[in-house]
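A.B. asks: This is the structure I want to talk about, given as structure tokens.
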Amino acid sequence: MKTFYKTINQASKAAIGLGIQSQFEYSQRYKEDERLPSSPNQVYVNDWVDWFSFLDKEKRPWYSTYAEASKAAIGLGIQSQPEYLQRYKEDERLPSSPQQVYANDWVDWFSFLDKEKRSLYSTYAEASEAAIGLCIQSQPEYSQRYKEDERLPSSPNQVYANDWVD
């Protein structure tokens, strides 16, 4: 049976000693010390405060409103959800999951980043014609090149399911 550190303070010091910076990193690296539990919040439940305390990190105050966070993300020039997930740490007040932090005001990523929603071709025939116009010859090539036309969907077989042939 695995023997964990006797106290939360001992476990905390061990995790900090490994240079672990976040809950996510802890979940990836706790096995580097055989005495660290996978879920310290459960093992030390009576003494648990939060991950910030456990890893001796200052709790970051998020922007207090959706509008402020949105303005900050737009100010960084972030264009999409994937880019946001790569770059939100450039502003320590931006949360990793704004859709959860600002759930009451959340609409979608397009609104949050002030981007127009892509308008896809309304019919299978129009999309097919556009793909042919790009001289796309195969499904793998389509997957690589569909973004050359912003109105082509990533999964035409789903968007045009009723008309899909192949």
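A.B. asks: What's the number of the only condition in (1) aliphatic (A, V, I, L, M); (2) surrounded by 14 or more Cβ atoms within 10 Å (Cβ to Cβ); (3) closer than 30 Å to residue 59 by Cα that residue 159 fails to meet?
C.D. replies: With respect to (1) aliphatic (A, V, I, L, M); (2) surrounded by 14 or more Cβ atoms within 10 Å (Cβ to Cβ); (3) closer than 30 Å to residue 59 by Cα, residue 159 is out only on (3).
A.B. asks: Next up: Cβ-Cβ below 6 Å, separation at least six or inter-chain, first residue in the stretch 139-150 and in the same structural domain as residue 129 (by TED's automatic domain parsing), second assigned to a helix (DSSP H, G or I) and of a type in the set (A, V, I, L, M): which pairs?
C.D. replies: Short answer, once both residue conditions are applied: 149/130.
A.B. asks: Tally up the residues in the stretch 132-166 that are in a helix (DSSP H, G or I) and either over 28 Å from the mean Cα position of the chain (by Cα) or acidic (Asp, Glu) (or both), please.
C.D. replies: Result for the stretch 132-166: 4.
A.B. asks: Can I ask one more? Are any residues in the stretch 69-86 surrounded by fewer than 14 Cβ atoms within 10 Å (Cβ to Cβ) and either in contact (Cβ under 8 Å) with a residue 60 or more places away in the chain or not in a loop (DSSP other than H, G, I, E, B) (or both), and if so, which ones?
C.D. replies: 71, 75, 82, 85, 86
A.B. asks: Contact list please: Cβ distance under 9 Å, first residue in the stretch 6-30 and under 11 Å from residue 40 (Cβ atoms), second residue basic (Lys, Arg) and surrounded by fewer than 13 Cβ atoms within 10 Å (Cβ to Cβ), pairs at least six apart or on different chains.
C.D. replies: none
A.B. asks: Let me ask something additional. Restricting attention to the stretch 98-125, which residues are under 25 Å from residue 57 (Cα atoms) and surrounded by 12 or more Cβ atoms within 10 Å (Cβ to Cβ)?
C.D. replies: 98, 99, 101, 102, listed by residue number.
A.B. asks: Sticking with this one: Given the conditions (1) surrounded by 12 or more Cβ atoms within 10 Å (Cβ to Cβ); (2) under 30 Å from residue 21 (Cα atoms); (3) hydroxyl-bearing (Ser, Thr, Tyr), report the number of the one that residue 65 does not fulfil.
C.D. replies: Every listed condition holds for residue 65 apart from (1).
A.B. asks: A further question follows. Please indicate, with yes or no, whether at least one residue in the stretch 99-106 is outside the structural domain of residue 72 (by TED's automatic domain parsing), part of a helix (DSSP H, G or I) and at negative phi.
C.D. replies: no
A.B. asks: On to the next question. Taking the stretch 114-134 only, how many residues are out of contact with any Lys or Arg (no Cβ under 9 Å at 6 or more places or on another chain) and farther than 30 Å from residue 76 by Cβ?
C.D. replies: Counting residues in the stretch 114-134 that are out of contact with any Lys or Arg (no Cβ under 9 Å at 6 or more places or on another chain) and farther than 30 Å from residue 76 by Cβ gives 8.
A.B. asks: List the helices (runs of 4 or more DSSP H) that sit entirely inside the stretch 4-49 and contain at least 3 residues that are buried (at least 17 other Cβ atoms within 10 Å of the Cβ) and in contact with a helix residue (DSSP H, G or I) (Cβ under 9 Å, 6 or more places away or on another chain).
C.D. replies: So the answer is 8-17.
The values are calculated or read from the model by the stated rules, or taken from the named source; none is laboratory data. From a predicted model like this one, the values you see are computed outputs, not experimental measurements. Note that we place each Cβ from the backbone using ideal geometry, even for glycine, and neighbour counts take in every protein chain shown.
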